[in-house]
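Participant: Let me give you the structure first, and then I'll get to my questions.
Just so it is clear, none of the values below were taken in a lab; they were calculated from the coordinates. None of the values given here were measured: they were computed from a predicted structure. Cβ placement follows ideal geometry from the backbone for every residue including glycine, while neighbour counts extend to all protein chains displayed.
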Amino acid sequence: MDHSNYVIEQMISAKSIAARVETLAAEISEHFADTDKLIIVGLLRGSFVFIADLVRELDLPCEVDFLETSSYGNSTKSSREVRILKDLRGEIKGRDILVVEDIVDTGHTLKHVIALLKSRGPARLEVCALLDKPARREVDVKATWIGFEIPDKFVVGYGIDYAQRNRNLDHIGAVRFIDN
C-alpha cells in the first residue's frame, strides 16, 4: 500500500487534548465517586493512548480491560459489520463500567459493544469518547462524555490510525489525500 498519497493537517493539538483529558477525568471521577472499583473497558486499538492518559488522571480505584472490535480493516470507511476480536478477561456483572472509545462515527461499533456489555449485567455503564463525528451517525447512540466534536473528516493520531500508521502522533490530524 502506498502511504505517500496523503498529508496530515493538525486539527487538535496535544496541549488541547491534555487539558480536555484532565477535565473529562475530573467529571468521570465525580460521577463514579461512590464506586469501589471502576472497570475501564477500552476499545482497541484506537483508544489505547487516550485510556493511558485518562486512567492516570482519574481519582478513583480502577481496573482496565479491553475489547477489540473491527469494522474498518484498512479502509477509511466503516463496514458496519462489527466483529469482536478480543473479549474481556474479567467479569463485569454488578460492576461499574466505563467504556472508552476513540471515535464515535456511524455508531454501529459502540451500539454493538453497549448491547453486549449490558447483557452481562453491569451496575452502571457509561461511555467516554475522545472524538464524536455526529455528521456520520447512522444509529442512535451517544457517549456520556465527549472530548471533542469533529467534522466529517478522516482523522489520525493520538492512538488512531490509518492502515496501522500515525498512531504515534501526539495530536489529532485530518488526513487529506493527494491526487497523484
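Participant: In whole Hz, with x marking every Gly and Pro, tabulate ³J(HN,Hα) for region 20-34 from phi via Karplus 6.51 cos²θ - 1.76 cosθ + 1.60, θ = phi - 60°.
Facilitator: After applying 6.51 cos²θ - 1.76 cosθ + 1.60, I find 5, 4, 4, 5, 4, 4, 5, 5, 5, 4, 5, 4, 9, 4, 8 Hz.
Participant: Tell me the label-point distance for the pair Asp34, Asp65, using the 7 Å Cα-to-Cβ offset, in nm and rounded to one decimal.
Facilitator: Taking the two extended label points, one gets 2.3 nm.
Participant: Which whole-Hz ³J(HN,Hα) couplings does region 125-137 yield from phi under the Karplus relation 6.51 cos²θ - 1.76 cosθ + 1.60, θ = phi - 60°, glycine and proline marked x?
Facilitator: 9, 10, 10, 10, 10, 5, 10, 10, 10, x, 5, 9, 5
Participant: If you take every DSSP beta bridge whose two residues both sit in the chain, what share of them, in percent to the nearest 5, is antiparallel?
Facilitator: 35 percent
Participant: Over what distance in Å are the Cα centres of region 13-72 and region 119-180 separated?
Facilitator: 14 Å
Participant: Let me see the P(r) profile for the chain: every Cα-Cα distance counted, bins of 10 Å, each bin given as a percent of all pairs.
Facilitator: 9, 39, 36, 13, 2, 0
Participant: Continuing with this model, one more query. Specify the longest stretch of the chain that does not include any exposed loop site, a site being one of the GluC sites (Glu not before Pro) with a non-H, G, I, E, B DSSP assignment and at most 12 other Cβ atoms within 10 Å. Kindly include the intermediate steps, with their values, before the conclusion.
Facilitator: Numbers: sites that count: Glu81, Glu91, Glu138.
That gives 1-80 as the longest site-free run.
Participant: Right, something else. Here is the link list: Lys118/Lys153; Lys118/Lys142; Lys15/Lys37; Lys37/Lys118; Lys93/Lys133; Lys93/Lys118. Which ones come out longer than 21 Å on Cα distance?
Facilitator: Details: Lys118/Lys153 31 Å; Lys118/Lys142 15 Å; Lys15/Lys37 29 Å; Lys37/Lys118 18 Å; Lys93/Lys133 31 Å; Lys93/Lys118 9 Å.
From Lys118/Lys153; Lys118/Lys142; Lys15/Lys37; Lys37/Lys118; Lys93/Lys133; Lys93/Lys118, over 21 Å: Lys118/Lys153; Lys15/Lys37; Lys93/Lys133.
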